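Report on the structure given below.
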Amino acid sequence: MPTVAELLIETLAEHGVTQVWGVVGDALNPVTDAIRREDRIEWIGVRHEEVGAFAASAQAQLTDRLAVCMGTVGPGAIHLLNGLYDAKKSHAPVLAICGQVPREDIGSDFFQEVDNDALFADVAVFNRTVTSIDQLPGLIEQAGNAALQHRGVAVLTLPGDVGGLDLPKHTPVPRLVAELPQVTPSDESLRAAADAINDGDKVTLLVGQGARHARAEVLRLAELLRAPMVLTLKAKEGLEDDNPFEVGQSGLLGNHATKVAFDGCDVLVLVGTDFPYRDFLPTGKTVVQLDLRGTHIGRRTPVDHALVGDAQRGLAALLPMLEPKTDDGLLTDARSSYEAWRERQQQFVDPDYDRKPKGLLRRKVDNPESRIRPELLAAAVDRHAASDAVFTTDTGMSTVWLSRFVRMTGTRRLIGSYNLGSMANALPQALGASGLDRRRQVVAFCGDGGLSMLMGDLITAVSHDLPVKLVVFDNGRLGMVKLEMEQVGLPEFGTVLHNPDFAKVAEAVGMRGIRVEDPHDVDAAVREALAHDGPVLVDVLTNPDEIALPPKPTLEQGWGFAIAKSREFVASAE
C-alpha cells in the first residue's frame, strides 16, 4: 500500500518533475524518504529554504512546467515565503510542500507551530492542509492543477503524522493538467482597435514578456505600422535580437530614445505587458492594450481599446485588419536616438577610458579611486558568454548593466526578480537554472549586497555540482538605494558594505574564485570563468559612483545629485 508521501512524489515524477529543492526535517521526513527511493526525482538540499523557493521559481519560469520546493514545520515553511512571492508575481507554477505539527497538536501553540493556511493565504492560489487520507488523491490534483492553470503558487501542508499514513490499495495516481486554454480577442474588440490604429498617424509599441512567443507577429506589426518598439526588460529575451524596430527599455533602465518614441506617437499599443512605471508612460494618447489577463488591462494607464487574449492569436487576428503606414519619421528618429545612445555607452567599455581626455575629467567627479567601471564588466560577459546562456540578475544596479550591455542573442534566457524586486535572487535562480541542465552555461549578475545575503548557498553549487558562473559587481554599496537617495538630495547613509574578499570565500567552500581589481584584467578573468568546468565566482571591484541616467532626467533630479554630493563631501571632511 502506498503512503501519502509516496503517492505525492509518484504524482510529481509522473508529471515530469525532476528535482525538489529544500531543507530536510521532521514532518517531511516521509516525503524526503519517498524522494530517496524515486529515481526520477533528484533532491537538492539547500542551506536556506528561500534559496529553494527562488530556484523552483526560476525553473518554472524557464520551462513553464511545475517546479517544487519544500520547507518543514514553522521556520522552514516561513523561509520559503519570499521566494514564493517571487513566483507569484512572476506567474510561475510552483508547488510548495510544507510541514506541520501532528494533527492532534494543531491549534495548541505547539513547538514550532505556525498557521500555514494563514501564512500563505496571500501568496497562494491554492492553500490546504491534509488532515485525512480521504482527501487524497483529490487535494494533490487540486494543488498541482491550481499552480499550473493559474500560473501561481500552490501550498500543500502535511502534518507530521500524515505523510507516512498508508492509503487504500489501488489508490489512483493523480494526473496533473498542464495544457492551458487558447484565447483570442473578440471580433468586435479587434475591429474597434484596428479602426483606432488605422486612424492614427504615428504608432509606438510597448511590448512585454507576454509577447515573446509571438515574435513573428510583433515584428510584422511594427513593420506594417513603421512603429518604434519599446521593450520591457523581460521582453529582451526573444524580441531584442535582430529587431530593426526596438529602441531599448524605458524606466530607470532606459534611454532617451524611448521618450522620443512615446512622446512622438498618437497611438500607443501595449502587447503582453504589465509595465508598472506609469510615470514613464505618455499621456494624451489613444491606447490599445492586448493582454491574456483582463485584470491587467488599464491598471497602469487608461486604455481606450481592450483586447483580451493571447498575444500571438490576438495579433494574428488583428494584422489583416490594419492598413500599412508609410511615414517612418518617428521610427527613424527613435532609432537614431537609440543608436547614438548605444554608441555613447560604448566609451565606458574601454579599459583605458579613465586615462583618456574625457575619462580623466569624468574620473575626478565620479571615479576618484579608479575602480573598474561596471559597463566594462557587463560588456565583457556579453562578449564571451554562450549564445544560449541563461542569465540571472540581482535587483539593483547589476540589472541596469545587464539591460544596457548584454544582448539576448540566439537562444539566451533571462530571469530576475523583476516583479517582486527582491534582493539576493540571482544566485538561487542561477542554481535552479543550472539544475535543469548542468551542461548549459548559467551566468548570474550578482550585487555584493544580494550575494552576501544568501551567501551560504555557494556551498549548494559545490555540493550538487551546479556549474554556475557568478559575476559579482563588488562596489561596496547598496547601489540602487544610494542612487535613490542622491536623486532626492539625500547623502548616502547605511548603504556602505564592508565586504570580504568574495573570491577567497568561494575558494574556502570549494568553488573557483577570481578577484579582479584592474580594468585590464577583466576580459581575461571573464573568459577564464566562463571556460571553467565547475562553479566559479568572479569578484570584480567596481565603481560605486557610476550613474545610470533615466530616459528623461528631471531638473529636480539634477539638483538632487548636486546637493547630495555636496553633503557627502562635507560629511567625509568632518
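Please treat every number below as a calculation from the coordinates, not as lab data. Just so you know, these numbers come straight off a predicted model, no measurement behind them. Cβ: placed from backbone, ideal geometry, glycine included. Neighbour counts: every protein chain shown.
Of the residues ALA154, PRO351, LEU190, the one whose Cα sits farthest towards the positive end of the charge dipole of the chain is PRO351 (charges of +1 on Lys and Arg Cβ, -1 on Asp and Glu Cβ, taken about the Cα centre). Computed over neighbours whose Cβ is under 13 Å from that of MET408, the net charge equals +1, Lys and Arg +1, Asp and Glu -1. Tally Lys/Arg at +1 and Asp/Glu at -1 over every other residue whose Cβ is under 10 Å from the Cβ of ASN82; what's the total? It works out to a net charge of -3. Rg/Rh for region 303-351 stands at 1.23; both radii use Cα atoms, and Rh follows the Kirkwood definition. A simple rule links phi to the HN-Hα coupling: the Karplus curve 6.51 cos²θ - 1.76 cosθ + 1.60 with θ = phi - 60°, which for region 541-547 gives 7, 10, 6, x, 9, 5, 10 Hz, with x for Gly and Pro.
Subtracting the Cα-Cα distance of VAL24 and GLN345 from 0.36 nm times their residue separation leaves 110.8 nm of extension gain. How big is the gap, in Å, between the Cα center of region 275-315 and the Cα center of region 509-530? Cα centroid of region 275-315 versus Cα centroid of region 509-530: 44 Å apart. Based on C-alpha pairs under 8 angstrom that are at least 6 apart in sequence, the chain has a relative contact order of 13 percent.
Here the 3J(HN,Hα) profile of region 283-293, calculated from phi with Karplus coefficients 6.51, -1.76 and 1.60 at θ = phi - 60°, is 10, x, 10, 7, 10, 10, 10, 10, 8, 5, 9 Hz, Gly and Pro shown as x. In this simple spin-label model, placing a label point 7 Å from the Cα along the Cα-to-Cβ direction at both SER370 and ASP518 gives a separation of 1.1 nm. Computed about its Cα centre, the charge dipole of region 350-573 is approximately 520 debye, with only Lys, Arg, Asp and Glu carrying charge at their Cβ. Bridges between two residues of the chain, per DSSP, are antiparallel at a rate of about 5%. Taking the Cα centre of each part, how many Å lie between region 376-397 and region 449-494? Taking the Cα centre of each part, region 376-397 and region 449-494 sit 15 Å apart.
What net charge do the residues around VAL271 carry, taking every other residue with its C-beta under 14 Å from that of VAL271, with Lys and Arg at +1 and Asp and Glu at -1? Present the calculation step by step, with values, prior to reporting the outcome.
Values: positive: ARG212, ARG215, ARG220, LYS234, ARG293, ARG300, ARG313; negative: GLU217, GLU246, ASP274, ASP291, ASP310.
Net charge in that neighbourhood comes out at +2.
With contacts taken as Cα pairs under 8 Å and at least 6 residues apart, region 232-342 reaches a relative contact order of 28 percent. Close amide-amide hydrogen proximity is noted between GLN19 and GLU42, each under 5 Å apart and 5 or more residues distant or on a separate chain (H modeled in the peptide plane; Pro and chain starts excluded).
Once the convex hull of the alpha carbons of the chain is built, what does its volume come to per residue, in cubic angstrom? Dividing the Cα hull volume of the chain by its residues yields 159 Å³. For region 30-103, list log₁₀ I(q)/I(0) at each q in 0.14, 0.16, 0.26, 0.27 Å⁻¹, using the Debye formula over Cα point scatterers of equal strength and ignoring solvent, two decimals each. Taken in order of the listed q values, log10 I(q)/I(0) reads -0.43, -0.55, -1.21, -1.25. Evaluated over the Cα positions of region 506-547, the convex hull gives a direction-averaged projected area, one quarter of its surface, of 3.6 nm². Rg and Dmax of region 1-126, based on Cα coordinates, read 13.9, 41 Å. Size of region 106-212: Rg and Dmax of its alpha carbons, in Å, are 22.6, 69. With q set to 0.23 Å⁻¹, the log10 of I(q)/I(0) for region 360-485, from the Debye formula over equal scatterers at the Cα positions, is -1.41. Rounded to 0.05, the FRET efficiency of the ASP122 and THR326 pair, given R0 = 51 Å and the Cβ-Cβ distance, is 0.50.
Restricting the calculation to Cα atoms, region 187-340 yields a radius of gyration followed by a Dmax of 13.6, 42 Å.
Quickly rank 513-520, 419-426 as a protection proxy: mean count of other C-beta atoms within 10 Å, highest first. Mind showing how you got there, number by number?
Values: 513-520: 18.6, 419-426: 22.8.
In decreasing order of mean packing, 513-520, 419-426 become 419-426, 513-520.
By the Cα gyration tensor, region 350-573 has an equivalent ellipsoid whose semi-axes, rounded to whole angstrom, run 30, 18, 17 from largest to smallest.
Taking a cut-off of 15 Å, what percent of all Cα-Cα pairs in region 268-317 are separated by more than that?
On the way: 457 of 1225 pairs.
The share of Cα pairs beyond 15 Å in region 268-317 comes to 37 percent.
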